[in-house]
Amino acid sequence: MPVDEKKNDEPSRRDFLKKAAAIGLGAAVGGSAFSRPASASAKSAFPSAPVPSRIFGRSGIKVSTLSLGGMFDILNNRLMLAKALEWGIDYWDTAESYGGGRSEEGIGRWFARKPETRERVFLVSKLSPRRGTDFTPRLEASLKRLHTDYLDLFFVHGISSIDEMTPDMKAWSQAMKKEGKLKLFGFSTHSNMEECLEGAAKLPWIDGIMFTYNYRLMSKPRMKAAVEACHRTGIGLTAMKTQGGGPVKSDSQTEIDMAGRFMQKGFTDYQAKLMAVWGDKRITSICSQMPNLTILAANAVAAVDQKGLSASDRALLDQYASKTCSDYCAGCGRICTQAMVQEVPINDVMRCLMYAHVYQDVMLARSTFQTLPAQTKTLLDRLDFGNAERSCPQRLPIGRMMKEASHLFA
Ligand code: SF4
């Protein structure tokens with residue numbers, strides 16, 4: 001699938017207009033400012049009340065059920081922070097790597113000008129162990145960029161095995177908490193999520209986890225049990241990648257039909273996917289990338305207005321998930337990786353493709369690809385992925401997609 005070089009909301013807007021046309025709403029939205037269907041509320045453009053809160057695990061801290069994902073240039077979009085607070089979105093998520101530091105810098109600029117708001121915000125940042133595990137100087141640098149003395153929650157960024165939560169990591173987290181630099185500690189994961197959650201439930205020093213969780217994954221028995229185990233031990237849970245978008249963009253009649261059914265009920269299919277996750281009360285918050293006010297407003301409306309999905313709505317999502325499962329990489333990287341003779345981070349490459357195709361953000365896709373082991377690109381072109389394809393439960397055409405990634409991210 002060809003991808004524009006620059007970040008561009010337009011293809012998604014086209015999708016929305018196409019869906020709207022298919023269900024007879026073309027005139028209603030044709031001249032509107034909608035830039036992405038996830039943003040579109042069929043009812044109201046702005047939230048009528050503050051976004052509700054839930055308690056984050058055993059910490060007892062109340063945070064908004066919608067978290068501002070900061071994977072964008074916040075330095076040049078600080079209006080988003082003002083609107084987020086105005087609408088009750090007090091859980092802000094960033095990382096050392098987002099926007100090459102500009103995400104943290106943008107939040108820091110905000111706190112420098114509005115120091116009185118720091119205590120209102122539940123601030124999360126992350127460091128990737130791929131760049132080494134000498135975290136202390138990098139944490140100091142993050143705090144400096146963020147213009148704060150502490151993080152409310154620190155995540156080890158993007159683990160794929162619970163073995164990465166080593167005794168040294170535990171000692172470091174305890175030392176940082178003692179120094180007052182971290183309040184809570186945990187990890188984020190979009191690979192082998194069930195295994196990571198199962199392991200975390202046995203580690204009493206893990207306070208919180210952010211993980212890929214959506215309507216496609218939440219009904220799988222192993223995922224259900226892993227979430228329950230963490231919930232019971234008091235680990236705070238944040239869902240991400242809740243739209244369940246895969247590396248290949250679905251653009252089928254199935255999707256149009258589903259959008260139409262939800263539109264008739266007063267919300268979009270994108271809002272329905274958020275509501276499905278909010279329907280699981282064990283999940284404290286959804287972290288969503290909201291790089292413009294349209295998306296922020298529509299997601300806030302969904303958080304405020306959510307009335308829960310009916311059994312038939314859920315069935316519709318299940319049906320859609322099943323029909324489009326070959327569009328979705330489920331993050332079970334251990335399966336395809338173990339099928340290969342040489343180690344290739346197939347799951348991570350799939351995520352890069354998702355950023356390019358679903359988020360329409362080739363810069364993000366490329367910068368994420370750059371963090372993968374140096375030999376990855378050469379291997380993508382050279383290797384036979386037949387065994388991995390045969391082992392993939394989603395039946396993804398891995399070989400073709402790895403070649404595509406190799407060319408796209410060259
Ligand atoms: S490519 Fe298939 S096996 Fe590999 S992580 Fe994705 S869904 Fe799982």
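Where a number appears in this text, it was derived from the coordinates with a stated rule and is not lab data. Computed from a prediction, not measured in an experiment: that's the story for all the values here. In this analysis, Cβ positions are derived from the backbone assuming ideal geometry, glycine residues included, and neighbour counts consider all displayed protein chains.
Brief remarks follow.
- Of all the listed residues (Phe385, Phe369, Phe409), the sole one being crowded, with 18+ Cβ neighbours inside 10 Å, more than 25 Å from the chain's Cα centre (by Cα) and over 18 Å from Gln243 (Cα atoms) is Phe385.
- Residue under evaluation Arg334, criteria (1) farther than 29 Å from Asn387 by Cα; (2) within 16 Å of the ligand (Cβ to nearest atom); (3) among the basic types (Lys, Arg), criterion not met: (1)
- Against the test of being crowded, with 16+ Cβ neighbours inside 10 Å, under 30 Å from Lys265 (Cα atoms) and within 10 Å of the ligand (Cβ to nearest atom), the options Tyr355, Tyr328, Tyr359 yield a single qualifying residue, Tyr328.
- Among (1) within 14 Å of the ligand (Cβ to nearest atom); (2) within 26 Å of Gly99 (Cα to Cα), the one test that Gln375 misses: (1)
- For the range 272-289, the set of residues classified as within 13 Å of the chain's Cα centre (by Cα) and under 13 Å from Arg54 (Cα atoms) consists of Ser285, Ile286, listed by residue number.
- Cross-chain or 6+ apart pairs with Cβ under 6 Å, the range 142-169 first and closer than 20 Å to Glu198 by Cα, then among the charged types (D, E, K, R): Phe155/Lys126; His157/Lys126
- Where helices (runs of 4 or more DSSP H) fall entirely within the range 69-152, those with at least 1 residues that are buried (at least 23 other Cβ atoms within 10 Å of the Cβ) and among the charged types (D, E, K, R) are at 102-113.
- Pair list, Cβ under 6 Å, 6 or more apart: the range 182-200 residue closer than 17 Å to Lys220 by Cβ, other residue assigned to a strand (DSSP E or B) and among the hydrophobic types (A, V, I, L, M, F, W, C): Thr189/Phe211; Met193/Phe211
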